[in-house]
Every structure is written in structure tokens, then in C-alpha cells.
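In what follows, a structure is listed as C-alpha cells, so that the remarks can point back to it.
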Amino acid sequence: MTIDIEHDETVGSPPEGLDEIAAALVAQARADGVALTGDGGLLSGLIGRVLEGALDVEMTDHVGYQPHAAEGRGSGNSRNGTYPKTVRTEIGDVPISVPRDRNGTFEPVTVPVGQRRLSGLDDMVVSLYAKGLTTGDIAAHLDDIYSTSIDRSTISRITDRIIADMESWQSRPLDAIYPVILIDGIRIKIRDGHVTNRTVYVAMGINMDGERDVLGLWVGPTGGESAKYWLGVLTELRNRGVNDVLVMCCDGLKGLPDSARAVWPLVDVQLFVVHLVRNSLRYASKKHWPAVTRGLKGIYTAPSLDAATDRFETFAGEWEPIYPAMIKAWRDAWDDFVPFLEFPVELRQIVYTTNSIESLNARFRKAAVRRGHFPTEDAALKVLYLTAIERRKNRTNPTGRINGWKAILNALTIHYHGRITAATQ
């Protein structure tokens, strides 16, 4: 529950005397052996009195007279006592007395009819759910910390309230052009009759203002990541308004570049360079990792395609007799690697590193691993959606503005000439 206390905006402190009142109440509670939270706690009692006071004000406005006032006689409606009700808050259960009128027309706003949880508790449940806690974990947490008992089905219904927001977010219109879109797939476990591995398809865009944004999340069928499913995802992005993409960064999934070009014919498909490097190390002995990474860095930091080609041939001549599979992997990926070499220096850093989408995927995995598996596809999407939109204070977030974007935008505009203007017309 959130209680806003109005005060002068020019003053950064609570109303005068509030600290003294709070100190006196705490001191009295300690003297009387009363707990601050939980059943019969000080805060529970105070919140109950505040809620009852607000309800009494509402009733006065409804019937048009103060309690016990003479003008209430013969008014056509009158107060008719109270009835008990317990509302659940983030500091525990709070018993209150709700006033009622004789005509039964009073509909309170402070605690609406039928509502037994204040909004703060619902917000807390959603926040805990977003952090990967199961409905059972949340129920146990609320019971242990706040002495508030909520069954798992109720918690599930609370989190279901975000489904409409999630569906609206997933279908929202997108910008006409994205300079860069990064796509990747992660695996999670979902129980659908039996527990299976499912791929979550993730698309992150960098817009013309240099803002990173998650464009959508899709849970694919069993059978692993596929270029065919990606074709459907990218087509959906186009249908939501994306007319052109300058650069699409992805992993080396076979057929994926063709799927991207089927949707945006002019797109430059760029393999994640860091993925290429990591895959190379899988073929090499650890004792050779430093030398291999130095050689590869010389290739992807080359000033031109010709220089990179020469450096690669030198690299291949040294390592192909030892690790032929590693060199073959680079030769197979070369056509989708070389666009990177034509980019200006300002843009290379974005398409080389996958920090933003990897940071997001790391949060997804952290939320998923706490559960082991999700009971349904919807349950998985709720958690991943909340994780995607979460902004953590004083932390580096996957979404947000790219540093030095103005220089990058200038380089993009020169490199791609009139495509930016054409896509927005």
C-alpha cells in the first residue's frame, strides 16, 4: 500500500511534527510490547484507523450529513452501522469496520466493495513474480515476513492482471526504421504434458534516438531454434510498422540471414562477432586461447576488407593444420562477417559486442532458473515480459540510451545515404 502525504514541494521533508509523532508512537508501542507489523501491530492499527477515517468521510459525502447530525433525520437515506472486513496489505492483515447506508447504495472508493487487497500488496506480488519467485515462494514470503496469508491461486490471479498489458505491449506499433536490430534465442523449460525445452525468440531494436528497446518475445515450438520461425517473427515486426532495418545482428543459425533478407531485402545481416570468437575457442585447446584470440582480434579490427582477408589467410595458415574445423567455421561465416568491416568505427562497437541483449538474456535465465520450469507458456511469458520492462535503479539496464549516439547516427546517415529518409516517408 502506498500512502502519499502532501507537503510543500519546496521543502524536502515531511510535514512539521511528523517525526515527533512517529517517535512517540514507536516508543509507546515498545513500552506496551506491541509489534510494528503483523496482527495487532502498530502500523496495522494506524492503517486501519486511516482507512476507517477515509471511509467515514466518503459516507458523509454520500448521505450528506455528519454522524448523529439532526439533518439526517428524514433525509431518505441514513447510516446503518458498519460491517467488519479484513484487507491485506504489505505489512499484514488489517481489520477495519466499513460503514453502510440503509438504502445499500454506498460504494466506497478507498476500499471498494469486494476488494480485500490494497494495491500495494498486488504490486509487491507482481514485483516478486518478475524476479522469478514461484507462486508458492511468494505465498511463503508474505506469510513469513508480513503474516499475510494468500493462497497460490490468488497470487496467480493477481499476476494474470498483467496479461492484457503484455498483449498490448507485444502488438504495439513500432518505428518505421531501426538502424540496428539484435535477435537471439534462449532456451527455457515449459511443462506441456511433460517438461520440454522451448526457445524464446527475443528481438531488441535500437531506434533513431539511440534508445534500446525490447520489440517482442515469442515462445517457439519444441525442436530447437529455427530460421523458419524467425521468418514469422521478423514478418510480424514488419507488419507492426518496421519498413526497413539497416543492420540485423544475429548468431550463425543456418538460414537466418536468408529469412531476414526475405523480409527486408536491403538489410545488412551481421553475425555477432563475439559469438564467432567464442565458437572458435570451442575448437581450440585452452593453452592456445590467448594466441587464437589475438589472431582473431587482428582480423575483426582490420581497417578494411582487404586487410582482414590478408590477416585471415595468415591466421588460417598457422592454425588450419591444428584446428581445421575452426578455420572451416570462419570460411563458412565469412560472407556474413565481412559487412562488419565496412562499418565506421563508431558503429562497429555496437555490432561487435552483444552486451545489451546478453544482459537481458542473463536476466531471463536468472528468472527462469529459480523455477526449474514453467507450468505453461503464459506463465513463462508473464515472467519474461516483466523482466524485459523492469528498470533497476543505479544499475546498468539492457534497455536505455546508447552512449555517443550522435556520432553513430551521423556515420549511419553517411554510410546508408537516403535509406533513412526513404523508410520514414
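The values are calculated or read from the model by the stated rules, or taken from the named source; none is laboratory data. What you are looking at is a predicted structure, and each value in this text was computed from that prediction instead of being measured. All Cβ positions, even for glycine, are placed from backbone atoms using ideal geometry, and neighbour counts span all protein chains on display. Surface accessibility is based on the protein's heavy atoms, side chains included, excluding ligands, DNA and RNA. Shrake-Rupley method; radii C 1.70, N 1.55, O 1.52, S 1.80 Å.
Can you compute the FRET efficiency between D378 and D61 using 1/(1 + (r/R0)^6), with r the Cβ-Cβ distance and R0 = 51 Å? Round to the nearest 0.05.
0.75
Assuming 0.36 nm per residue, please report the length gained on full extension of the stretch A164 to V345 beyond their Cα-Cα distance.
60.9 nm
Of K254/K286; K254/K366; K254/K406; K287/K328, which pairs sit farther than 25 Å apart, going by alpha carbon to alpha carbon?
K254/K286; K254/K366; K254/K406
Straight-line reach from K85: which lysines fall under 23 Å, measuring Cα to Cα and dropping same-chain residues less than 8 apart?
none
Taking the Cα-to-Cβ direction at T301 and at V109 and moving 7 Å from each Cα, how far apart do the two end points lie in nm?
Inter-label distance under the simple model: 6.3 nm.
Sticking with the crude label model, points 7 Å out along Cα→Cβ, report the distance from D101 to E318 in nm, one decimal please.
Distance between label points: 8.6 nm.
Based on the Cβ-Cβ distance of V338 and T222, what FRET efficiency does E = 1/(1 + (r/R0)^6) give at R0 = 22 Å, to the nearest 0.05?
The computed FRET efficiency comes out at 0.05.
Heavy atoms only, probe 1.4 angstrom, no DNA, RNA or ligands counted: give me E236, E390, E313, E107 ranked by accessible area, highest first.
Accessible-area ranking of E236, E390, E313, E107, largest first: E107, E313, E236, E390.
Calculate the FRET efficiency for I414 and A362 from the Cβ-Cβ distance with a Förster distance of 56 Å, rounded to the nearest 0.05.
E between I414 and A362, to the nearest 0.05, is 0.95.
Distance in nm between label sites at W289 and T421, each 7 Å beyond Cα in the beta-carbon direction?
5.0
To the nearest 10 Å², what's H415's accessible area with a 1.4 Å probe?
For H415, solvent-accessible area is about 60 Å².
Sticking to Cα atoms, compute the Rg of region 250-340 to one decimal and its Dmax as the biggest Cα-Cα distance, whole number, in Å.
13.6, 43
If I stretch the segment between R391 and A262 completely, what's the gain in nm (0.36 nm per residue apart, minus their alpha carbon distance), one decimal?
Full-extension gain reported as 43.0 nm.
Would you mind calculating the gained length between A407 and S156 on full extension (0.36 nm times residue separation, minus the Cα-Cα distance), in nm to one decimal?
My answer for the length gained is 85.7 nm.
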